[in-house]
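The values are calculated or read from the model by the stated rules, or taken from the named source; none is laboratory data. Keep in mind the model is a prediction, meaning the values are calculated, not measured. With ideal geometry, Cβ positions are generated from the backbone for all residues, glycine too; neighbour counts draw on all protein chains shown. The area values use the complete protein model at the heavy-atom level, side chains included, leaving out ligands, DNA and RNA. Shrake-Rupley method; radii C 1.70, N 1.55, O 1.52, S 1.80 Å.
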Amino acid sequence: MDSIVGALPFEADGDLRLCPAAGVAYQTDMRAGRVDYDEAYFVKVCAYEAGDVSRAVNLGRCELLCRHLPSGARVLDWGAGSGAFMRAARACGFRVAGFDVIDETVRWLKATGSYSEDPSAFEALTLWDVLEHLEDPAELLAQVTPGQRVFVSIPVFSDLRCIRESRHYRPGEHLYYWTSAGFVAWMLSRGFELLEKSDHEVSAGRDSIGAFAFRRGA
């Protein structure tokens, strides 16, 4: 798990450990009940990424990129899913490749010459609904080089003691839970300065999702 989070004082709460002062909670046993990112998961992702809400979300994501990247910038979409964001970003003029662990997505990305697993080769990395799924998200972020932009969407919580009341409480799938301030502070501890926080995903119809733009410092 993340070394900084793992070193924090915590309160045990069933399957979770809460670190209220730092604005983060995490699943105590990160291997317990892990979901399979298989064909059934791909079908679920495709359902999420269809319809008016998805189109509005991706429009907002593209607008966020446009505010912080030059036209034609190279972008790696980590967790590409159905490719909905990649298609929207390409329509806005970005050069976009993707990465995923879902076999169906990997096959499509490789067949179209769009697959990459090297964040350092791009000007920006997008992590839409991704970081909360990773056992050690800092391991991925360590591959980002100084000056690169990172764009993130994650569930955000006003009260970590109410995680189980949220639709985003997903044992075995979501391994970390942050408040907005806690997430920004954690990213800062990993060398990323906040450029912008956006609520466009909530405005588009999603529940308690924050979107953020960061820059990797020197």
Residue by residue, what Karplus-based ³J(HN,Hα) values in Hz, rounded to whole numbers, does segment 47-54 have, using 6.51, -1.76 and 1.60 with θ = phi - 60° and x for Gly and Pro? 5, 4, 8, 10, x, 5, 4, 4
Residue by residue through segment 74-91, what is 3J(HN,Hα) from phi via Karplus (6.51 cos²θ - 1.76 cosθ + 1.60, θ = phi - 60°)? Round to whole Hz and write x for glycine and proline. 8, 10, 10, 8, 8, x, 5, x, 7, x, 4, 5, 4, 5, 5, 5, 5, 5
Compute for segment 3-117: radius of gyration divided by Kirkwood radius, i.e. Rg/Rh, restricted to C-alpha atoms, rounded to two decimals. 1.07
Express in Å², to the nearest 10, the accessible area of Met1 obtained by rolling a 1.4 Å probe over the protein heavy atoms while all chains stay in place. 90
So, taking all protein chains as they sit and a 1.4 Å probe, how much accessible area belongs to Thr112, in Å² rounded to tens? 80
Could you give the size of the charge dipole of the chain about its Cα centre, using +1 on the Cβ of each K and R and -1 on the Cβ of each D and E, expressed in debye and rounded to the nearest 20? 700
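Which residues make up the longest stretch of the chain that has no trypsin sites (Lys or Arg not before Pro) in a DSSP loop with at most 10 other Cβ atoms within 10 Å?
32-166
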In sequence order, what are the phi-derived ³J(HN,Hα) couplings for segment 204-209 according to the Karplus relation 6.51 cos²θ - 1.76 cosθ + 1.60 with θ = phi - 60°, rounded to whole Hz, with x for glycine and proline? 7, x, 8, 9, 6, 10
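Which shape class applies to segment 76-157: rounded if a/c is under 1.5, otherwise prolate when a/b exceeds b/c and oblate if not, where a ≥ b ≥ c are the square roots of the Cα gyration tensor eigenvalues? Let's see the in-between values first.
Values: a/c = 1.42, a/b = 1.25, b/c = 1.14.
Taking the square roots of the gyration eigenvalues as a ≥ b ≥ c, segment 76-157 is rounded.
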Under a 1.4 Å probe, counting only protein heavy atoms, Glu139 has an accessible area in Å², nearest 10, of 130
Can you list the equivalent-ellipsoid semi-axes of segment 145-218, largest first and in whole Å, using the square root of 5 times each Cα gyration tensor eigenvalue? 23, 14, 10
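May I ask what percent, to the nearest 5, of DSSP beta bridges between residues of the chain are antiparallel? Write out the running numbers ahead of the final one.
Working: 23 of 38 bridges.
Once the DSSP bridges in the chain are tallied, antiparallel ones form about 60 percent.
For Ala47 and Arg90, calculate 0.36 nm times their separation in residues minus their Cα-Cα distance, and state this gained length in nm to one decimal. Intermediate values should be presented prior to the final figure.
Values: separation 43, 0.36 × 43 = 15.48 nm, distance 2.11 nm.
Stretched fully, the Ala47-Arg90 segment lengthens by 13.4 nm.
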Positive end of the charge dipole of segment 101-198 (Lys, Arg +1 and Asp, Glu -1 on Cβ, about the Cα centre): tell me which of Ala181, Gly147, Cys162 has its Cα farthest that way. Cys162
Whenever you get a sec, line up Val156, Val5 from highest to lowest accessible area (probe 1.4 Å, protein heavy atoms). Val156, Val5
Using the alpha carbons of segment 57-110, what is the convex hull volume per residue in cubic angstrom, as a whole number? 66
Taking the Cα atoms of segment 118-157, what is the range of coordinates along each of the three principal axes, in descending order and whole Å? 31, 17, 14
Helix 180-189 versus the longest principal axis of the chain: what is the Cα-based angle in degrees, 0 to 90, to the nearest 10? 80
For Thr126, what residues show an amide H to amide H distance below 5 Å, using hydrogens built from the backbone and excluding near sequence neighbours? Leu76, Asp77, Trp78, Phe151
Of (1) 23, 22, 15; (2) 26, 20, 17; (3) 57, 20, 12, which one was derived for semi-axes √(5λ) of the Cα gyration tensor in Å from the structure shown? (2)
Mind listing the long-range amide H neighbours of Leu175? Cut-off is under 5 Å, sequence gap 5 or more, other chains count too, H placed in the peptide plane at 1.01 Å from N. His133, Leu134
